[in-house]
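One structure below.
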Amino acid sequence: MNTSLILIIVSSALVHNVLLNRFWGVCSFLGVSKQMKASASLGVAVIFVMTIASAVASLLNDYILVPFHLEFMQTIVFILVIAALVQIVEMFLKKSSPAIYKALGIYLPLITTNCAVLGIAQLNASSGYTFIESVVAGFSSAVGYTLAIVLLAGIRSRIREEDLPAPLRGAPIVLISAALMSIAFMGFSALSF
Amino acid sequence: MNKYMERLYNGLIKENPTMVLMLGMCPTLAVSTAAINGVSMGLSTMAVLVFSNLIISILRKRIPNEVRLPAYIVIVASLVTVTQLIIKAYLPTVDKALGQFIPLIVVNCIILGRAEAYANKNEPGLAIMDGVGMGLGFTVALTLAGSVREILGSGTLFGLQILPKSAAIAIFGQPPGAYLVIALFIIIMNAIGIKTRQRQLVENDGCNGNCAACAMQCDDRKGKEEAK
């Protein structure tokens, strides 16, 4: 493994965390983090989909869109590929490994339009990453996503027992917790040498 | 108030997509670093929304119900690509500031949400007004969030220095500031008693990881509650 791959891993998982720095996929971050178990399952499903989606999007971009000068089609192609891919992955898992399907099943179709998946595919294409770099970036961004959502779920399980002033209950305290996490993650920016 | 003006009022105030429905949080958090970014993102989204509402409303009797979502996604993605190319060609500064967020308009809850909740049930004229109203509501909310972050973060508003630089709190211009400012808005709205759907969204299963289906789920849920 060379240094550029390590840089990509650190940058996409920690420094430019999709949830805390880029704000992609915030809907699920605020919604699903209510329960620890659901957050972890969603995280694993995102790792799964985002890695495969980055790989497929990178291949399509390098071997079809760029050679035929169709880069302007990226948005349309990527979103359709992601939607189709999720369907295929779902059918494949249902047949081949029912155990995994049972654990991830309900989350897979919902990830189709998670902005983080499309965002990472676009980012890989615009940063000119190679196939390997795209897969690594996709995987480590998804790990960063999982890390952030599981951490927030942990914080929220503690907040639930606290006696908060009425206007802060519900979304505001979750957003403030996310802001504090985001400040903590800013510390990682020192790693982007 | 005729029904066209009612659509404008509905989008701007009664069902403001950001402040009341809590949709499209990703772009709201990401691009509200400065007031001008809020305006550009809001207007780009509005352009896509108006045309997607128009096209979907015209085609509402032609698109088979089973494949309507893929069809909507293709329509929206094409419009976003057109918008992206226009911005690249004529507004290079906007492209530089918002470049990577423009493609993500495709998965903005507001657009597919309005297609599903309004445009596919109503005539083109009303659908356009709904798009304009919702788009303006989104633009106003983004600009407001952007202005607050810009004033607190760097003491400027639309680039003009209105507070001394020493009074600026840099954190508001950085990612954590986005979460803080939106939290502040909701706290104020809660305190003065404006009902948002955020509690329902955050306390239930939210969008389940699905940005675009957010709006539809909420509408479904609302429908079910009304049925009860």
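Mind pulling the angle between the C-alpha long axis of helix A:115-126 and the longest principal axis of chain A? Nearest 10 degrees, somewhere in 0 to 90.
Relative to chain A, helix A:115-126 is tipped by roughly 40 degrees.
Report the number of Lys pairs in the range B:3-195 whose alpha-carbons are under 23 Å apart, with separation of 8 or more residues or on distinct chains.
7
Could you please state, rounded to a whole Å, how far the C-alpha centre of the range B:1-62 is from the C-alpha centre of the range B:72-147?
7
If you wrap a convex hull around the alpha carbons of chain A, what volume per residue comes out, as a whole number of Å³?
Each residue corresponds to 129 Å³ of Cα convex hull volume.
Quote to one decimal, in nm, the extra length available between residue A:127 and residue A:36 on full extension: 0.36 nm per residue of separation minus the C-alpha distance between them.
Stretched fully, the residue A:127-residue A:36 segment lengthens by 29.4 nm.
Take each of the peptides B:12-18, A:17-23, average the number of other beta-carbon atoms within 10 Å over its residues, and list them starting from the highest.
Those peptides, ordered most packed to least, come out A:17-23, B:12-18.
How far is helix A:74-96 tilted off the main Cα axis of chain A, in degrees rounded to 10, range 0 to 90?
Value to nearest ten degrees: 80.
With a cap of 12 neighbouring Cβ atoms within 10 Å, and only residues DSSP puts in a loop, list the trypsin sites (Lys or Arg not before Pro) found in the range B:50-136.
Those satisfying the criteria are B:61, B:62.
Going by average Cβ density within 10 Å per residue, which order do the peptides A:83-91, A:95-103, A:54-62 take, highest to lowest?
A:54-62, A:83-91, A:95-103
Report the accessible surface area buried between chains A and B, summing both sides, using a 1.4 Å probe on protein heavy atoms only, in Å² rounded to the nearest 100.
By this definition, chains A and B bury close to 3800 Å².
Shielding of B:71-79 by partners, i.e. mean partner chain Cβ atoms within 10 Å per residue?
3
So which trypsin sites (Lys or Arg not before Pro) in the range A:130-193 end up in coil per DSSP with only 13 or fewer other C-beta atoms within 10 Å?
Sites meeting the loop and neighbour criteria: A:160.
For residue A:164 and residue A:190, what is the calculated FRET efficiency with R₀ set at 51 Å and r taken between the beta-carbons, to the nearest 0.05?
Efficiency at R0 = 51 Å is approximately 0.95.
Find the relative contact order for the range A:14-191 and round it to a whole percent, using C-alpha pairs within less than 8 Å whose residues are 6+ positions apart.
43
Between residue A:96 and residue B:192, what is the label-to-label distance in nm when each label sits 7 Å out along the Cα-to-Cβ direction?
5.6
Could you calculate the contour length gain from residue B:161 to residue B:59, that is, 0.36 nm times the residue separation minus the distance between their Cα atoms, to one decimal place in nm?
31.9 nm
If you take each beta carbon of peptide B:170-180 and count the beta carbons of other chains within 10 angstrom, what is the mean?
Averaged over the peptide's residues, the number is 6.
Take the alpha carbon gyration tensor of the range B:3-195, find the square roots of its eigenvalues, order them as a ≥ b ≥ c, and report rounded if a/c is under 1.5; if not, report prolate when a/b exceeds b/c, else oblate.
Since a/c reaches 1.5 and a/b is larger than b/c, the shape of the range B:3-195 is classed as prolate.
Debye calculation, C-alpha points only, no solvent: report log10 I(q)/I(0) for the protein assembly as shown at q = 0.13 Å⁻¹, in the same order as the q values.
The computed values of log10 I(q)/I(0) come out as -1.18.
The values are calculated or read from the model by the stated rules, or taken from the named source; none is laboratory data. Bear in mind that the values here come from a model prediction, so they are computed numbers and not experimental data. Backbone-built Cβ (ideal geometry, glycine too); neighbour counts: all protein chains shown. Accessible surface is based on the protein model in full, side chains and every heavy atom, while ligands, DNA and RNA are left aside. Shrake-Rupley method; radii C 1.70, N 1.55, O 1.52, S 1.80 Å.
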